[in-house]
Every structure is written in C-alpha cells, then in structure tokens.
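Trainee: So that we are looking at the same thing, I have put the structure below in structure tokens.
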Amino acid sequence: MPVRIGVVVFPGSNCDRDTIHALDLAGAEPVVLWHEQASLEGVAAVILPGGFAYGDYLRAGVIARFSPIMRAVAAFAGDGGLVLGICNGFQVLAEAGLVPGALLRNQSLRFAGREVAIAAERVDTAFTHALEVRRPLRMPVAHGEGCYYADEAALDALERARQVIFRYVDATGMDAQPGNPANPNGSLRAIAGVINATGNVAGLMPHPERAAEAILGSEDGMGILRSLVESAARAAGQTSPLEAAAR
Amino acid sequence: MTSFRFAVNVTPKPGILDPQGRAVEGSLGHLGITGVSAVRVGRRVELTVDAVDEAAARAVVDQLARELLSNPLIEAYDIEPIGGASSTTSALAGEG
Amino acid sequence: MTVADVPVEPLHRRLGVTDDELQAIRDRLGGRDPNDLELAMFSVMWSEHCSYKSSRALLRTLPTEGAGVVAGPGENAGVISIGDGLAVAFKIESHNHPSAVEPYQGAATGVGGILRDIFTMGARPIAVLDALRFGDPADARTRHLVDGVVRGVGGYGNCVGVPTVGGELVFDPSYAGNPLVNVMAIGLLREGLLTLASAPGPGNLVVLYGSATGRDGIGGASVLASATFTDDDPSKRPSVQVGDPFAEKLLIEASLELIERGLVEGLQDLGAGGITCATSETADRAGTGILVDLDAIPRREPGLEPFEVMISESQERMCAAVRPDQWPAILEVCQRWGLPAAIIGRVTDDGDITVVAGGLDADGRPAEGSREIARIPARALTSDAIVHARVATPPAHRRGAPAPGAPAAVSDRLPERGMDPGAVLLALLGSANLSSRRAVYRQYDSTVGADTVAGPGRGAAVLRVRGTRKALVATTDGNQAVGAIDPWLGAALSVAEATRNVSITGARPLGVTNCLNYGDPTRPDAYWQLSEGVRGLADACRALGLPVTGGNVSLYNESSGGRIAPTPEIGVVGLLDDISTLTEPAFAQTGDTIVLVGDATPGLAGSAYAALAGVTTEDDPPDLDLAREAAVQVFIREAIERGLVASAQDVSGGGLAVALAECAIWGELGATIRLAHVASPAVGLFGESPSRLVVTARPAHAAALVLLARQNGLPVEPIGSVGGDRLVIEATAAAAIGAAEDRGGRVADTLEVPLRDLQHAWEHGLARSLGWEG
C-alpha cells in the first residue's frame, strides 16, 4: 500500500497539483489537506507546496500560517512528524517559526523565474538521503521573496548545527554567494534550504516537483521527493516503494 | 539650515480596490478576532530633510511624495512631522 | 449671463454617443428617448471596444470553419478538439490604452481579463503569452512603460499560477505614444465540460460571484455623476482598474468546480461593460431577457450611482445563469473559496435587460415597492448594436512587392562600402528587437503547472498534455515593419510566420486568434489599413487551411505624435501528436548537414537590416507566395515525422545570417556555410523573404531530406555543416563581376564570427538597450 503524504492547499496555493503529480510518480499516495481542516488524516508526512497563499499579501506566508491546518501541522512537527515546505511552503514554515530564518524580497527586487543548481550539504536527513553530497541538482526557482536571511550569530549557529541542507552552486560546483549570478535572490551564505534542529522539518526555495521528469528538462528533483517518501514509509512502518521494487 | 524629520504615509486612494487590505481582513477569523473592518494596507517612508524652515522642508517632502513615493493614479498620501528633528547650524547660512 | 445660461453639451455627446447613434438608439427603443442610465449603458455597449461597430463588417469575411472547431468567433474563446476527449481553448486580447495610463495595472488586468475568457468556458488556463510593443527603448517614458508592464504581467500571471511561456517584445518608433499590450491565453478542457456564455431558461436565477463592485474603469461616463460631484471629492473620480490575482485564482478554482459539478447553465466573465455587457450578451445568445436588481449587487463601497453599478469594470467577477435548486450548492462552493456571491436577478422571456431598484423576492422577482429604472432589448445592446460603414481610402502612393524573379534592384551596400558582414550580424543580434529577451522573461514564472517542455527564449512554446503523448505548441507574431508599408502583406506575413514557427517543431497548426491593432477608423486611410489587414489575415488563413477562432480589435491607437504601424498580432496553437518527435531549432550535433529550403527573393524594406543600415526609398518588402508557404510547412512536418530532421529553424527577423547565428548560439556549435548564386549579399545574408527554413540532418539523412523538399516543389540546397567554434558564411556569385572578381568569386567579405562573440552580443543587447545593466 503506498505511503500517504499530505499536500496542504491554502487559498492561493498553485503548485499543489504539480506536487500531487510528482508524489504519484514517486510512488506515494497524495492526500489533499484543505487549509480549514483540523486533521491531517493520518498521513505519514506533510508537504506545504509552492504558490501565492493569500496572494503573498502583507508578507509571504504570514496569513497562511494562521490557517487552522497549521495548528495540526505544528503539533505533527512537534511530535517528530516529517514536514517539507517548498517555496511558498518554506515561507509559511519560516513565518510559523517551524524552521529558522526568514525569506526576504529578492536582492534584485525582481521576480526570479529560472533554472538554478543546488547541492545537498548532507545526505543523512529524511529529505536528502537518496542524494549524493554536493552533486549539483538542476531545478527551477520562481519567487519574488526568496532571499534567505538570519543575523550573523544565527547563521553561525545554523552552520555549526549543520542545519543548512541545500546551497545554490555555480557551474563549477562552488557555493554561489550573494552577487554571484548563480544565486538567484541574494540568499546569505548561498542558503537554498534549511532543516530544523530536530531534523524533521525542512524548507527549500527551488521546486523539486518541477524537475521530476526528463521531459520537463530535469529529473534532479525526484531524489528529494523520493527521500521524503522513503522516510515517511519507514516512519509509518510501511514497506517503502524502493524496498517494494527491490523484491 | 535645520533638519526636519517627516513620515510619508501612502495608502490606496478611497474607492480603489485594495487586495492586500481585503486579504488581511478576510483572515482575521483564523486568529479569532472580530470587530475589525475596513482594513487598508499602505506603506510608510520616513526621511530627514535639511531646509531653512519647516514649510520649506514640507514642500520638499510633498514633491517627493507626489513624484516618487506615491502613484497619484491609485494612491493618496499624508505627511506627518515626526520627532528627531535637530538643529544644525551651517557656516554657509551665515548664522552665528 | 448666469451659470444656467451657459450652453452645456448634450449628455449623449459627453458620453461619446454621436447624434446618429442617438437616433439609432431611439429606433431600437420604439421611438422613445433613453433615460440617463439607459444612455450610459448604450454608450458603453456601443463603444468601439465592446461593439466592434467599425470592424464587424470586415470580420465577417474571415474564414472560421475548420475540422474540430467546437467554438468560434463570438464565444469567449476559440475551442478546438485535440482528441483524447480534450479540447484546447485559446484567445488573444488587448489592453493597450489602460497600459498607457497605468502600465502595471493595465497589463495585470489585461492578463486577468484574458484568463477569465478561458476558464469561463470550462477550460483550466495552462499558459499565457504576452506580446508587448513600445517606442524607442532609450526613451525614459518607454523604459517606465516597459518596467511597469513587465512587472504587471509577471505580478498577475505568477500569482495566479499560470506560466508565461512566450510572447514578443518589439520596439518601433510608431508605438511611442501608444504602447501595445496583447495577451494570449490557452486552456485545456474536457470536451463534455464546454460551457457557453448563455442565459437559458426563463425562471433561472442570475448569480454574480467574485469581487464586489466598485468604481473601476468608469471613465467618460463619470459626467453622469450626481450634482454633488466636485473636484475635491476623490471618491467620485474615475477609477483605475486594479487587478487582484489572488481573487482570480480563487475564481478559477470555484468556477471550474461549478462547471465540473454541472451547477451552472451558462457562465460569463465580466470585463469591458461590466454587468450590462455580461447580462445583455448572455441573454441575447439564449434569446431570453434578464431582470437585474441593483440593490442585490454586492458593493465595495457605499454611494454608488445606478449607472456606476451597471457599467463598472471591477475585476474578478463572474455572472452565471443557474437553476433555482442549485443555488445552495453554488453558494457553498463560493463561500468555501472565500468569494462573495449573490442572486442579482432572473432570466425572463421578454428579451429585455430590465434594471430595477428595490430588491427581489426569494424567486428573484421584483419585490413590493421596487421600481423599474431601465429597460432595453438585449440585442439592441449587443448583436443589433449599431454597425458603421466606414470609408476606406488607400494612400496616394502604394508600394507593391517586386514580382518574383525580378532582378534585385536594391541598394547593395555591403561590398561597395566594404561593410563587414560580421559586424552587421553582431549589430543585428545585439539590437533591441533581435537580442535575447531573457532579462524580461526571467521575471515570469514559466514552469508553474509542471507541463512546460519549452518555455520562452527560442522558438514556439511547448506544453505537454499530461496523460497523453501529445503536446500543444503556441506562439505569437506580428510584422508591423512591413505592415507600415503594405498592410495586406504585413498581415499575411504575420500569419505565415506564426504558423511556420509552430510547424517547424513538428506540430500541426490548429487555428488562429488575432488581435488587430490599428488607428482611428473614422480616418479613411486608417480604416483602409484595417480592411487590408483583415484581407491579408483572411487570405493567409485560407491558403493555409486554418480557421480564425476569435480575437480582438483595438482601434484608435494614435495620438498627436502619430499613429501606430498596422499591427496584426497573430496567435497560433498547434498540436504535436507524439511529443517524442518534438524538434528544436538549435544545432544538434557536429557534422550535421545544413540545408536551406526556399528562395531568397529581393526586397529589404521592413527588415531589421533596413532599420539598421537604411535602404533607399525605392526598396520594397519581399514577396510572399502563400502556396509556397503552405508547401514549406507541409514539407517540414512530413520531414520531421519521417525522422529526417535534426533541427529546424525558420528565417525571419535579421534574415539567414541571424537564423544561423541563433541556431549556433542555442546549440553552442558553430557552422561553416557557403551560399552560392547570391546576387545581392545584403539580401542573401539579411533579407527577410518568407517561407524559408534552415534545416539540419544527420549526413545519412541529408539526401532523403533534399529529395522530399524537391518532391514538395521547394527550392532546396545543402549549404554547409555544423561544427567548430565560429560561424563562417561565404557568399559567392555564379559569375563574379567587378569587385567580387577581386575577392576570388565572393560577393562580400566572408562573415566569420566566433561563437562567444555571437553569444555575448545576443545575450546583452536588450538589457543594454533598456539601460538595465549595471
């Protein structure tokens, strides 16, 4: 039986259908979780997808984080449940304090809709275990407020605690610091994605669900989704799709 | 010359659709808050102007507000003197 | 003289209604005068934008029939079947004048409006293409407009979650006072869900859902504002339309759910003309009438006058005809999506649009004490709106294309002045119109929806159709440079180029949508341009066997500074049956044979080269042979299907040299080219004669490719091969004479430019032109 993964839909989410499709391809059973629900319907993991929840009005993610479903998501995360925020979903998690830092307006003050390369800093997390350390992954970004920010002390603490899980990299594979054209938004320390202290909640700005099929230009995003699906299956005590395929 | 500090509050003109205000108002229910309505979202720009007197400083701010800080087609503004004004004397002004 | 003695212009004139039109209105009202509210409704519905009164007669000459056409002109969008139980909906529309006033909101609401035309039919919008046209890119006002429009297109499209996958950005001095913002949208629907804009069934309720109604878009009609209106009361002034993409996203989801669940009998989106337009159009189509209660319409603010409510162009609103027993379910859907919804009237059988004030009862009938404040036959506002017979007068001196085979009597600057063709090529690649548009499309989300196979940047946009092996291919094109010289030719060329761009991917064009941007139709020479443009559009579509499925007309694009060049913006959607056959324009592999298909006919007028280097006033634009164009497109699709093609690009802006450079830049591979029989190097390298392709093939397939071209009656010549780190083009003449003899048979200096120089010029040209770098 495929592992059930929840996809939260806020008013204005627009990557939910893409995320559902990618989860299908990854061997999971996607479950739509409407923002007004109080229950997560017993899913093994939750994804907050991309989009413009509430139009990104006031601040991206700030209105969405008060949606009823977020109470359940916070409780789930508090119990160690796996939660992944993609783009707008990352913004919601940051506003809700479930991951550290904030996402500010892109340094260029313009929307960035293009392909980037990110590299996983560590492959011992629920979201990255199917990846290779530092191997560049190509996938699209599409955001106006993706500049990762935290003050210097907080950033140093993040690094020490190994909470940075993805960084933007350039064609040579080096970290793309602010000012490098390969850094699409000015994110400090080239940070593209972070994980919380207990390792069960993560967020990233690029869109792995848009890089899950060769026909779309890249399959590099599939590794992130498969990592989550595998981890969720194990957490739920189910046979993972990989294990099932191996039999 | 003296320094004067102003704030320019820019808001959507009355009658103009304010999607932000509407979205904020619509979300208040989730915070369990009632009795709040007519939310309008704008922005505030604070600045210090050096001029001979307040009227002259205000004229500068007014020009800035009209030409740069607001879009007269869809926004209105008001100018608010705020604290932090300081007096500096300038040799060029010939003051003692 | 007292204030009361000062003669005031009659109300109808102040509303933009002519004396003749007023009489025509009386005729349709059984001889009586319209009251002020009715006059306001007529003034808006009989405006050029809503009624097409100057263009309707011309548009009837367009071919609209075709296999698979499910909905054509007159509906909100064209719809064509694509098999697998699916259909594609598409249309292009303009929002020119609002964008000149407030570029961000003008562009944003332009995107919003065209999207509504798509999903109101039951189709989920899957892509947007924006065709933008401005004046001189070095001009401060132009830069302000470009910045605002691009941010508006992105701001709306990105938020609503529809990818912007293509379009155009064209600079031409004639657009200086009149920028053009034409937006095309495409949607996908399951055939059984097609929903028309009709209000059937007397007794059915009329429901308005979406945003509340405010004063948006009330322009000239503000003369009707009541006597208390003063300049000091900003709330009474005409309002710029502000778009809310978040509301639109909710509207899309709610509307598609209503349609999928069969909850509406008819659905119409509100755009120009507001409630008046939506009700009169849907009633007219169904042969019914609609009774509207003013008081039932949700308002954004208090104090709106009746005329303001009826003609307001507040965005993100929809009007549905529904069965009374469906109302509770509809209300639940709207509430779940956070959209206000109200019963605002009912469908009647009297054929009139009747406006009452004072409330409705539970059945949607006027309540006790309500009064009727307007009554107009629906068709008087729409299908029976006035049609003007305008006068078309061609200009005194008309240009014609040179006859095929005529000697090249063009000014041939290249060899005489020793102009380095490589320098010319770099100048063209770096020019504002031919350089990469990346600086603009990077501000758009082109991948949301996870269906984009080919986005902006190269050729036509390609979207896979999930669950099938198919793909949709789309593009927009418009040739205003030739249109300014010969409006028929400009329009025909636009259709040829747009369809060619689709065919070279391997896809079969399905249909054409058009946005006709022209000047003031009351001026005979401008009306002549429009009529010639429609004729060119019709002739080209017939020759290519394609239906026109709908579109838009934008007139009066002129100001004291001048009139825009005739600009027929053509949108084409094509179908690729098997996405694995998708062919790209970039050079594919070192060693591939490069083949040129088609003839270089003389004529440089209207070309990018002419704009750069200047040509004599006697030069003409190149000829277009529609039969040849059709044959070229049939050939390339067949060649691709047979697996003979490695890459395919068409020759257009900048001519052959630019086409080859683009293939090289995109493929990151150089090429060595030898052009024989070149009478005029300027024409051979940079001429923009149509119906030509640059096709590459693996050497093993080259012979078959050439044979297939010849079998299709096409001139074809292998001209070189792919490889190396530079583009080299030698142009030679059969019999070298004069200066050419001295250069060993070449007619111009050899063009030789390193790939990285081509790339650099192409990548930075636009940002440099707009002052966006640094």
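Trainee: Grab the alpha carbons of the range C:430-514, take their convex hull, and tell me the volume per residue in Å³. All intermediate terms of the calculation are to be shown ahead of the outcome.
Mentor: Values: hull volume 9.9 nm³, N = 85.
Once divided by residue count, the hull of the range C:430-514 is 116 Å³.
Trainee: Suppose the chain between C:Ala367 and C:Trp327 were pulled fully straight at 0.36 nm per residue; how much longer would it get relative to their current alpha carbon spacing?
Mentor: Numbers: separation 40, 0.36 × 40 = 14.40 nm, distance 1.91 nm.
Stretched out fully, the C:Ala367 to C:Trp327 stretch lengthens by 12.5 nm.
Trainee: Using only the alpha carbons of the range C:608-736, determine the length spanned along each of the three principal axes and report them from longest to shortest in whole angstroms.
Mentor: Its Cα atoms span 45, 38, 31 Å along the three principal axes.
Trainee: Just to be sure I understand: with springs between alpha-carbon atoms less than 10 Å apart, which residue in A:Leu104, A:Leu82, A:Leu25 has the highest mean-square fluctuation in the Gaussian network model of chain A?
Mentor: Result: A:Leu25 has the largest fluctuation of those listed.
Trainee: Which order do peptides C:139-145, C:27-33, C:93-99 fall in by mean Cβ count within 10 Å, highest first?
Mentor: For the peptides C:139-145, C:27-33, C:93-99, the packing ranking is C:93-99, C:139-145, C:27-33.
Trainee: I'd like the mean, over residues of C:461-470, of how many other protein chain beta carbons sit within 10 Å of each residue's own Cβ.
Mentor: Neighbouring Cβ atoms belonging to other protein chains average 1 per residue here.
Trainee: Expressed as cubic angstrom per residue, what is the convex hull volume of the alpha carbon set of chain C?
Mentor: Taking the convex hull of the Cα positions in chain C, it is 165 Å³ per residue.
Trainee: How high is the relative contact order of chain C, given as a whole-number percent (alpha carbon pairs under 8 Å, six or more residues apart)?
Mentor: 14
Trainee: Also: Need one number: nm distance between label points at A:Ala197 and C:Arg32, each 7 Å from Cα along Cα→Cβ, rounded to one decimal.
Mentor: Spacing of the two 7 Å Cα→Cβ label points: 7.8 nm.
Trainee: Return the sequence-ordered ³J(HN,Hα) values of the range A:29-40 in whole Hz as given by the Karplus equation 6.51 cos²θ - 1.76 cosθ + 1.60 applied to θ = phi - 60°, using x for Gly and Pro.
Mentor: Each residue of the range A:29-40 in turn: 10, x, 10, 6, 10, 5, 4, 7, 5, 9, 10, 8 Hz.
Trainee: How much FRET efficiency would the formula 1/(1 + (r/R0)^6) give for A:Asn180 and A:Gln238, where r is the Cβ-Cβ distance and R0 is 45 Å, rounded to 0.05? The partial results should precede the final answer.
Mentor: On the way: r = 42 Å, r/R0 = 0.93.
Rounded to the nearest 0.05, the efficiency is 0.60.
Trainee: According to the Cα gyration tensor, what semi-axes, each the square root of 5 times an eigenvalue, does the equivalent ellipsoid of the range A:103-164 have, listed from largest to smallest in whole Å?
Mentor: 23, 19, 8
Trainee: Counting partner chain Cβ atoms within 10 Å of every residue's Cβ in A:9-20, what's the average?
Mentor: 5
Trainee: I would also like to ask the following. Taking the Cα atoms of chain A alone, what are Rg (to one decimal) and Dmax (as a whole number) in Å?
Mentor: In Å, with Rg to one decimal and Dmax whole: 16.4, 51.
Trainee: Do you know the Lys pair count in the protein assembly as shown for C-alpha distances under 25 Å, with sequence separation 8 or more or different chains?
Mentor: For the protein assembly as shown, the number of qualifying lysine pairs is 5.
Trainee: How big is the C-alpha Rg of the range C:503-594 next to the rule-of-thumb value 2.2 N^0.38 Å, as a ratio?
Mentor: 1.49
Trainee: Return the sequence-ordered ³J(HN,Hα) values of the range C:643-658 in whole Hz as given by the Karplus equation 6.51 cos²θ - 1.76 cosθ + 1.60 applied to θ = phi - 60°, using x for Gly and Pro.
Mentor: x, 8, 10, 8, 7, 8, 9, 9, 9, 9, x, x, x, 5, 4, 5
Trainee: Once you have the alpha carbon radius of gyration of the range C:114-200, what is it after dividing by 2.2 N^0.38 Å, with N set to its residue count?
Mentor: Its radius of gyration relative to the 2.2 N^0.38 Å reference: 1.34.
Trainee: Find the all-direction average of the projected area of the Cα convex hull for the protein assembly as shown, expressing the result in square nanometres with one decimal place.
Mentor: Details: hull surface 208.2 nm².
The number I arrive at for the protein assembly as shown is 52.0 nm².
Trainee: Can you tell me the relative contact order of chain B? Whole percent, Cα pairs under 8 Å, sequence separation 6 or more.
Mentor: 50
Trainee: Over all directions, the average projected area of the alpha-carbon convex hull for the range A:90-218 comes to how many nm²?
Mentor: Value for the range A:90-218: 7.4 nm².
Trainee: Continuing with this model, one more query. Normalised by the empirical 2.2 N^0.38 Å for globular proteins, what value does the Cα Rg of the range A:71-117 take?
Mentor: 1.40
Trainee: First select every other residue whose beta carbon is under 15 angstrom from the beta carbon of B:Glu80; then total the charges, Lys and Arg +1, Asp and Glu -1.
Mentor: On the way: positive: B:Arg5, B:Arg43, B:Arg44, B:Arg58; negative: B:Glu46, B:Glu54, B:Asp62, B:Asp78.
Net of charged neighbours comes to 0.
Trainee: Now a separate question. Between C:Asp420 and C:Val391, 0.36 nm times their residue separation minus their Cα-Cα distance comes to what? Mind showing how you got there, number by number?
Mentor: Working: separation 29, 0.36 × 29 = 10.44 nm, distance 4.81 nm.
In short, 5.6 nm is gained.
Trainee: Please list 3J(HN,Hα) in residue order for the range C:602-610, calculated via the Karplus relation 6.51 cos²θ - 1.76 cosθ + 1.60 where θ = phi - 60°; whole Hz, with x for glycine and proline.
Mentor: With coefficients 6.51, -1.76 and 1.60, one gets x, x, 10, 4, x, 8, 5, 4, 4 Hz.
Trainee: Something else about it: Skipping prolines and chain starts, which residues have an amide H placed within reach, meaning under 5 Å, of the one on C:Tyr444, given they are 5 or more residues away or on another chain?
Mentor: A:Gly113
Trainee: Separate question: What translational diffusion coefficient, to the nearest whole µm²/s, does the range C:1-72 have by Stokes-Einstein, given a Kirkwood radius computed over alpha-carbon pairs, a temperature of 37 °C and 0.692 mPa s viscosity? Present the calculation step by step, with values, prior to reporting the outcome.
Mentor: On the way: Rh = 15.1 Å.
For the chosen part, D equals 218 µm²/s.
Trainee: Which cross-chain or sequence-distant (5 or more) residues have an amide H under 5 Å from the amide H of C:Val553, H modelled 1.01 Å from N in plane?
Mentor: Close amide H contacts, sequence-distant or interchain: C:Leu516.
Trainee: Give the long-range amide H neighbours of A:Val7: residues separated by 5 or more places, or on another chain, with amide H under 5 Å away, using H modelled in the peptide plane at 1.01 Å from N.
Mentor: A:Val31, A:Val32, A:Leu33, A:Ile47
No value in this document is a laboratory result; all are computed from the given coordinates. Source: prediction; values computed, not measured. Glycine gets a Cβ as well: all are built from the backbone with ideal geometry, and neighbour counts include every protein chain shown.
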